[in-house]
Each structure stands twice: as C-alpha cells, then as structure tokens.
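Dumping the structure here so I can ask a few things about it.
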Amino acid sequence: MLNKRLIVCLDVRNKKVTKGIKFKGNVDIGDPVEMACQYVNDGVDELVFYDITASAEKRPIDLDMVRDVAKNVFIPFSVGGGIRNVEDMRDVLLAGAEKVSVNSLAVRDPQIINQGAELFGKQCIVLGMDAQKVDKSAEFPSGYQVVIHGGRTETDKDALAWAIEAQKRGAGEICLNSIDADGMKSGYDTELTSLISNGVQIPVIASGGAGQSSHLVEVLSKTHAEAALVASMVHYGTHSCSSIKEDLNNADIPVRMDW
Amino acid sequence: MITVIDYGAGNLRSVCLALESINVPWTISSNPEEILNAERVIFPGVGAAASAVKVLKEKGLEKSIADFISSGKPFLGICLGTQIIFDFSEEDNGTECLGLIPGKVVHFNFPEDEKKSVPHMGWNQVNFTKQHPIFKDIDEASNFYFVHSFYPCPEVSEMEMATTQYGSINFTCAISKNNLVATQFHPEKSGRHGLQLLKNFSTWDGTYNA
C-alpha cells in the first residue's frame, strides 16, 4: 500500500535554515545539510528546500547547497524559490534535486509548467500554491483565491480552477499551502485540502497550520492529501519526525516505519 | 567499476552520488564501445519513453546495450531504464522500445470509483516473489521510493522478482533475466534499503538460478 508521506520544509537564506517569527523577522536555526541528515535519520519521507531570498535578491537558487544536500541525502527532495525559467529548473535538477517547485512564477507565466514537464517529465514539476478563503463569487467559485509572494499579493485566480489548469499543463504534484492556517498551529485547512485533492488526479501535499500530530492524522485521514508538510513543529524540537510517524502509525495511517 | 549510461534522461547524479556514498567506483558514459566493454552497467532514467528511445538510437546505444546484456555481465535498469528495455510502452501514444524483455509497459488506469493519484508517487512496499542476490540483507516488504505513471507487465511470469500493490493494481516492480535485473522503484532515492540494493548489485557476479 502506498504510504502517506511526512515532508519537512526548510526555508533557507544565506546558507542557513531560517524561520520567520512574527514581528521579529527571521532567526537562523541551523545548517541545511546537517538538519536534513538529522531528519532523514529520524524517518522523514521527503524534504523541501525553499531559497526564500533568491527571488527578492534576483539571484539564482544556491546550487552549492542543492549539491551538498544531494551528496548527503538519499531520499527525494524538492527545491523552490527563485526559479526564473527552464534553465534554472535544469540547474536544480542536475544538481541532484528530485523535483522543482514553482509558485509565483507559474501564476505569472503558466507556460513554464508545460515547458518544464515537457523537458524534464511531469514528475519533476511541483506547483506550489498559496490559497486564502474568500466569499464564493463568479470570480472565485470555489471560495478560495490564489495569492502569491507569500500571501502579500492577491491574484484573480480561483484556487480549484488553477489546480486543475496546472494539472492539465503538466504539474506532477501540488503543494497546497493555506495562508489562513499557516503559522497558526491550529491544524491544516481540511476544507481547502479536500477541495483541491478531490478536484485533481495528481498528488496533493497539505501545508500550513501543523502544530501537533493529530493535525496530520486529521488531514491525512479526512482528505485525499498524500502528504503532510511540517516545519516549525520539528525545527524547534517540540516534535520529532519519528514521534509524528509513530502517532500516524498508531492512528492507522499507512506510513513508512522501516527507515 | 560501475558504468552509468548517460543518454540525457535525468537523475544520473543521484545514482552516482548514491554509489559514492557506499564507496563503489563509478563512471558515466554515453560511448557505445565503452559501455560494451564495461564491467557492470546501470541504466537509469526519468522522463518520457519516446524521447529516451529516440536519443538511445541517435547515440548508437541501442545495440551496445543489447550486446552488453548478452555478454552476461551484471546489468541494472532503473525506472525509465527498466521500462524501455521492454517491447513496447503505452507512453507518448505508444512507443516501440528496445525489445530486450518480452512484454509491455502500461498506464495506471483505475476504475472510476477508485480515487488514486497518478503518478504513483512515494514509498511503497516491495514484496519479493523470488529471492535474488540483489535483495540480500533487505527485508521482505521493505519500502522503496516510486515515481511513475506507467508500470511494466512482463510476458514471462518467471521474470518477475517482486510486486507492489497500488490501490487495486498489483504490478511487477522488479524483474530479472540471467545477468539482468531491473526495478521500477528508485534505489538511489530509497534510503538505506536502496543503498543496500546498490551495494548488492556492485558485488553480484551476474549469475542467478531461480
């Protein structure tokens, strides 16, 4: 049986894993490769690295970091943040990443999904999508609006329609982040996750809002999400990957326990 | 020394880095003669079947792969590398493949009332139907990493070494024929079990008695 995946997300800037704290800006919490190895040894199924300042600084993704990770980590990992074109995608994949994630760029230039899928295969292309709840309307029939730039910029795209379009264009997976739930630690947005995971045939990763294992149990049992993404939950030592996996396993969610 | 065949189809680096981590010497080649003379070969790949077959033909690698396999030296196919040694793949509206293993590669088609994502992406159990030297020290039903939308259907059931269950579909995820082994999953991305499989391959003499 296909297992549900536990994914840890590492936001990286200036070669350090960082975490945004409200009103305080960003705090560095460790070395990406060291942290990645520690999570792998503790049973994480997949890793996501976001180069969070590449885009703002108008520079390519830190490929040295990607190469370093690839040398040390023998499970799948994806890289996002600051992808500008198919050349950037190629660089990241050749550096050893399994998948590359596009978010704002795909909204601006949806054709990038088609091009990436054609050149590298659908399985390499992850659509990162940030969505927020809005009143249902002709413009947003699903009641969720796509936002970009980490939630700072609204778009005219309906979340469900965009997910379906991205699938059609060749995205192999969707990493779905709820802007409303993100950082609240009160659970994933299961309504949003159900909506999108019911609406597409490609795998959906639930993201935003995890604060305890029961939140992962909920989203993985109540929706068709195939993976749940966590960040601060494990970065601060309040939870470990292995303890989350134990909890999922005890709740009869199929997870990989033989790492 | 393991020669990894380079035909422009993705994740060579992952395979080489995995070999490096277990201290197995490797080299990359797209030269037909070098490949034919290699000690042992890994034929990896991600991407689409049609363009992969086209590139192999253009580079003159089709024959050297076939000849290498006939030579009796150990050969490991991975993912797309596994799929395109079959006769035919449904991918890209039907693709004639290398025809080294009888059978075809088909798309995951689930009944309408069964909600399963395609690609089949993630960790799934590999259930051994045969004992094989490359499974040495790996437990039955260990989890390996998969990412694919098509799966192999060997015509000769004796070639099946392991199966995986995805929803209602039970498919062949590893095959063997004499000195050839081939997996649908990615050992280079499958943590310690995958590294063990690669280590086993690096010391396998290429003989197998079912």
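The values are calculated or read from the model by the stated rules, or taken from the named source; none is laboratory data. All values reported here derive from a predicted model rather than from experimental measurement. Backbone-built Cβ (ideal geometry, glycine too); neighbour counts: all protein chains shown. What goes into the accessible areas is simple: the full protein's heavy atoms, side chains included, and nothing from ligands, DNA or RNA. Shrake-Rupley method; radii C 1.70, N 1.55, O 1.52, S 1.80 Å.
Given the conditions (1) outside any helix (DSSP H, G or I); (2) at pLDDT below 95, and given that A:Glu139 satisfies all but one, which numbered condition is not satisfied?
Against the list (1) outside any helix (DSSP H, G or I); (2) at pLDDT below 95, A:Glu139 comes up short only on (2).
To continue, here is another question. When A:Lys19 is evaluated against the numbered criteria (1) of a type in the set (Lys, Arg); (2) within 18 Å of the chain's Cα centre (by Cα); (3) at pLDDT 90 or above; (4) more than 27 Å from B:Tyr145 (Cα to Cα), which criterion, by number, is the only one it fails?
(3)
Suppose we filter A:Lys136, A:Lys71, A:Lys99 for residues that are open to solvent by 10 Å² or more (accessible area, probe 1.4 Å) and within 13 Å of chain B (Cβ to nearest Cβ); which single one remains?
Answer to the selection: A:Lys71.
Right, here's the next one. Does the range B:151-168 contain at least one residue that is within 13 Å of another protein chain (Cβ to nearest Cβ), out of contact with any strand residue (DSSP E or B) (no Cβ under 6 Å at 6 or more places or on another chain) and among the hydroxyl-bearing types (Ser, Thr, Tyr)?
yes
Restricted to the range A:151-160, and to residues that are out of contact with any helix residue (DSSP H, G or I) (no Cβ under 9 Å at 6 or more places or on another chain) and under 14 Å from A:Asn177 (Cβ atoms), which residue is modelled with the highest pLDDT?
Among those that are out of contact with any helix residue (DSSP H, G or I) (no Cβ under 9 Å at 6 or more places or on another chain) and under 14 Å from A:Asn177 (Cβ atoms), it is A:Arg152.
Report whether or not B:Val126 is hydrophobic (A, V, I, L, M, F, W, C) and out of contact with any Pro (no Cβ under 6 Å at 6 or more places or on another chain).
yes
A further question follows. Name the residues in the range B:81-97 that are aliphatic (A, V, I, L, M) and either at positive phi or touching a helix residue (DSSP H, G or I) at 6+ places or on another chain (Cβ under 6 Å) (or both), would you?
Residue satisfying the conditions is B:Ile84 alone.
Here are B:Phe144, B:Phe86, B:Phe75: which of them is aromatic (Phe, Trp, Tyr), touching a Leu at 6+ places or on another chain (Cβ under 6 Å) and buried (at least 22 other Cβ atoms within 10 Å of the Cβ)? Explain how you work it out, then say what you get.
Working: B:Phe144 fails: touching a Leu at 6+ places or on another chain (Cβ under 6 Å); B:Phe86 fails: touching a Leu at 6+ places or on another chain (Cβ under 6 Å).
Within the list B:Phe144, B:Phe86, B:Phe75, the selection yields B:Phe75.
On the given criteria, is B:Ile42 among the hydrophobic types (A, V, I, L, M, F, W, C) and open to solvent by 60 Å² or more (accessible area, probe 1.4 Å)?
No: the conditions fail for B:Ile42.
What are the residue pairs meeting all of these: first residue in the range B:33-58, first residue at negative phi and part of a strand (DSSP E or B), second residue open to solvent by 70 Å² or more (accessible area, probe 1.4 Å) and among the aliphatic types (A, V, I, L, M), Cβ atoms under 8 Å, and 6 or more apart or on different chains?
Qualifying pairs under 8 Å: B:Arg40/B:Met1.
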